[in-house]
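Student: Okay, here's the structure, questions in a sec.
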Amino acid sequence: MVQNNTFIIPDEFRNPLFFNNDLNSFILNFDKEPRELLLESPFAYDMAYNIAQIDKPWLKLDVYIPVIFKLWEEKHELLHALFEKRERQKAKEPMILSIALFLQLLFWANEMRVPSLKKWKDSVITLAHKPININERLEFIIDKPNHYHSFVQLSELFNELKKQYYKIQLLKK
């Protein structure tokens, strides 16, 4: 639900990793570039899918997927430096954003929106294109977002999904 660009976070997206329990709404500006919106408001497109004037990234893969890959490259560099210095607490926030980017990439690459952050495992099972053992690997990352091994695993998931995505795009042509 949107009122004056204030968006109410739907119950199915109330996962404490991504949204503080005290946070009921936030302001969205869909006039922003996709890069900025993805950084400032993870899952905004997915939560506002029923608003007509809002882009549907899962239907515009050639526009949005490269943006996610570019953002991940930037976050990967930052995270690598933080974990190298053993600054786990500083790595937590960019890791959470990177997990959000990965979840969006995972669903959007399958041409669907992220339906829920509460029941993500059930939704992931139905996806045609996904890395092997995705649920177990993603659960580990979500449970320990500021651990180095979670960063390594997330990096692998991004690489695997990137390969699958470009393979699918080649086959479509």
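Student: Solvent-accessible area per residue for segment 53-173 at a 1.4 Å probe radius, Å²?
Tutor: Normalised by residue count, the accessible surface of segment 53-173 is 54 Å².
Student: Say each of residue 148 and residue 121 gets a label point 7 Å from the Cα, pointing the same way as Cα to Cβ; how far apart are those two points in nm?
Tutor: Each label point lies 7 Å from its Cα, and together they span 2.8 nm.
Student: Please name whichever of 103, 13, 48 sits farthest to the positive end of the charge dipole of the chain, dipole taken about the Cα centre and charges placed at Cβ: Lys and Arg +1, Asp and Glu -1.
Tutor: Farthest towards the positive pole: 103.
Student: If you don't mind, there's one more thing I want to ask. What lysines does residue 90 reach when the alpha-carbon gap must be under 22 Å and sequence neighbours fewer than 8 apart in one chain are set aside?
Tutor: Hits, sequence-local ones excluded: 70, 75, 144.
Student: Between residue 25 and residue 96, how many nm apart are label points set 7 Å from Cα along the C-beta direction?
Tutor: 2.2 nm
Student: While we're here: Let me know the Kirkwood hydrodynamic radius for the chain, please, with Cα pairs as the basis and the value in Å to one decimal.
Tutor: 16.6 Å
Student: What does a probe at residue 59 reach in segment 109-146, counting residues whose amide N is under 18 Å from the point 7 Å along Cα→Cβ?
Tutor: Those under the cut-off are 109-115.
Student: Could you check how much of the accessible area of the chain is carbon and sulfur, as a whole percent, using a 1.4 Å probe? Show your work: numbers first, answer last.
Tutor: Working: 4860 of 9650 Å².
Accessible surface attributable to carbon and sulfur in the chain totals 50 percent.
Student: Which of the helices in the chain meet the span-like rule: DSSP H, Cα axial reach of 18 Å or more, Kyte-Doolittle mean at least -1.0?
Tutor: Long hydrophobic helices here: 61-84, 88-108, 148-172.
Student: Would segment 1-75 count as rounded, prolate or oblate if I go by the C-alpha gyration tensor, calling it rounded below 1.5 in a/c and otherwise prolate when a/b exceeds b/c, oblate otherwise?
Tutor: oblate
Student: Run the 1.4 Å probe and let me know the accessible area of residue 122, rounded to the nearest 10 Å².
Tutor: Ignoring ligands and nucleic acids, residue 122 comes out at about 100 Å².
Student: Right, next: Determine the calculated [θ] at 222 nm for the chain from helices alone, applying -39500 (n - 2.57) to every DSSP H run no shorter than 4 residues and normalising by the residue count; nearest 500 deg cm²/dmol.
Tutor: -18000 deg cm²/dmol
Student: Sorted by accessible area (1.4 Å probe), largest first, how do 35, 88 line up? Walk me through the intermediate numbers first.
Tutor: Values: 35 85, 88 105 Å².
Descending order: 88, 35.
The values are calculated or read from the model by the stated rules, or taken from the named source; none is laboratory data. What you are looking at is a predicted structure, and each value in this text was computed from that prediction instead of being measured. Here Cβ is always computed from backbone atoms with ideal geometry, including for glycine, and neighbour counts include all displayed protein chains. Areas reflect the complete protein model, heavy atoms only, side chains present, ligands, DNA and RNA absent. Shrake-Rupley method; radii C 1.70, N 1.55, O 1.52, S 1.80 Å.
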